[in-house]
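The values are calculated or read from the model by the stated rules, or taken from the named source; none is laboratory data. It should be emphasised that the depicted structure is a prediction, and the values quoted were computed from it without experimental measurement. Here the Cβ is made from the backbone with ideal geometry for all residues, glycine too, and neighbour counts use every protein chain on show. Heads up: the accessible areas ignore ligands, DNA and RNA and are worked out on the full protein's heavy atoms, side chains in. Shrake-Rupley method; radii C 1.70, N 1.55, O 1.52, S 1.80 Å.
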Amino acid sequence: MINENETEDVWDDEDPEGDVTEVAEAPVERLRMIIDKRQEPLRIDKFLVARIENATRNKIQQAIDEGYVLVNDEIVKSNYKIKPGDTIVLFETRKPESQEIIPENIPLNIIYEDEDLLLVNKPAGMVVHPGCGNYTGTMVNGLSYYLQQEHVDLENLSRVGLVHRIDKDTTGLVVIGKKAAAMNLLAAQFKKHTVHRRYIALVWGDLADDEGTIEAHIGRNLRFRKIMDAFPDGDYGKEAITHYKVLERFNYVTLVELRLETGRTHQIRVHMKYIGHPLFNDGTYGGDRIIKGTVFTRYKQFIDNCFAILTRQALHAKELGFTHPTTGEWMQFNSELPDDMQQVIEKWRSYTGGMTMQLRQKLDNT
């Protein structure tokens with residue numbers, strides 16, 4: 001009477017060094033089923049109790065009330081009667097086995113908050129979630145403390161409401177669910193790729209096209225498991241699609257806008273390296289050395305000065321848009337480029353502008 005399958009854990013692995021991933025993540029799906037056309041109307045709590053081993057009606061009703069059961073990507077009540085064609089998703093309600101999250105009074109730049117969610121503008125150097133080598137001082141440690149002060153029920157909020165993550169040294173917007181139902185509905189939007197995500201990056205080289213799309217699967221490097229790699233043949237890794245658009249050219253580097261259609265570990269960083277334009281000062285993927293430019297000492301000193309200002313990959317999660325899980329309203333947020341990226345971009349404007357002026361003077365003198 002049903003078509004069901006156990007699903008894989010959609011939380012991508014965290015980087016062993018504690019760097020977290022640029023992935024659209026969701027709580028673990030325990031069960032997904034599509035109701036057969038021969039199914040007669042039946043209360044969803046009764047339906048699930050009959051099909052889940054060791055389940056009680058009380059536990060099923062509690063899971064439904066807390067938003068761990070979705071029907072056609074929407075929250076329902078226990079008395080909802082299933083009908084043919086319905087897609088039912090049951091999320092794992094048990095907490096993942098991991099170290100205890102210690103609440104810490106860490107300042108957070110919260111740019112928006114309501115009863116269901118909040119948005120944090122994450123600075124560089126802050127790990128999002130505790131992991132190997134980073135058990136304290138993370139954004140989630142700070143969120144745990146903050147939400148406790150607001151009397152949010154953390155017992156029923158897995159991973160302190162975390163819906164997606166960005167890398168340790170990537171700056172920008174992260175959305176958090178304050179209720180299990182809101183978290184699950186936000187996570188479903190990330191999984192369906194309906195969330196608007198716009199990044200700004202400074203990359204090495206002068207891109208040939210003003211805009212384009214990068215398609216190459218992404219998976220763990222076959223030799224060095226700490227880093228990711230692109231697999232264009234699609235026989236390894238997961239599908240990954242990144243759209244880019246040139247915003248400004250500086251001869252040797254380019255300022256680009258990137259939109260994620262999928263969300264994989266280090267997707268932007270890996271894709272830009274794959275097409276020969278690694279992110280400026282990305283030490284993991286080869287951007288922390290001179291890729292394009294001259295051999296002159298002055299140029300080398302200019303690059304060293306830029307690296308001293310921007311001590312990380314030049315990547316910022318600038319825009320985030322989604323449908324509010326309760327009101328259904330489309331919400332879109334924007335964050336300004338951090339100071340280190342702005343300074344380096346201005347330095348490149350001045351440097352390449354000066355080069356252009358010198359070239360014109362030479363041509364005028366010939």
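Key figures
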item	result
Dimensionless Rg over Rh [the chain; C-alpha; Kirkwood]	1.04
Highest-first arrangement of 309-317, 151-159, 84-92, where packing means the average Cβ count within 10 Å	309-317, 84-92, 151-159
Full-stretch length increase - Gln332, Glu113 - with 0.36 nm per residue and alpha-carbon distance subtracted	77.5 nm
Estimated [θ] at 222 nm from DSSP helical runs (n ≥ 4, -39500 (n - 2.57)) normalised by residues in the chain, nearest 500	-7500 deg cm²/dmol
Mean separation of Cα contacts under 8 Å (6+ apart) over length of the chain, as relative contact order %	15
Order by protection proxy (mean Cβ within 10 Å, highest first), peptides 328-339, 44-55	44-55, 328-339
Cβ-derived FRET efficiency at R0 22 Å, Glu155 paired with Ala50, nearest 0.05	0.20
Angle between the chain longest axis and helix 339-365 axis [Cα atoms, degrees, rounded to 10]	30
With every protein chain in place, the chain: carbon and sulfur % of accessible area (1.4 Å)	46
Antiparallel bridges, percent of DSSP beta bridges restricted to the chain (to nearest 5)	95
Low-density loop positions, GluC sites (Glu not before Pro), segment 207-258 - DSSP coil, at most 13 other Cβ in 10 Å	Glu239
Candidate lysines - alpha carbon under 27 Å from Lys77, same-chain residues fewer than 8 apart omitted	Lys37, Lys46, Lys59, Lys95, Lys178, Lys179, Lys191, Lys192
Mean Cα-pair separation over length for segment 132-180, i.e. relative contact order, pairs under 8 Å, 6 or more apart, %	34
Cα long-axis angle, helix 139-149 against the chain (0 to 90 degrees, to the nearest 10)	50
Protection proxy ranking, peptides 280-287, 118-125, average beta carbon neighbours within 10 Å, highest first	280-287, 118-125
Rounded to the nearest 20 debye, dipole of segment 130-213 from Cβ charges on Lys, Arg, Asp, Glu	420
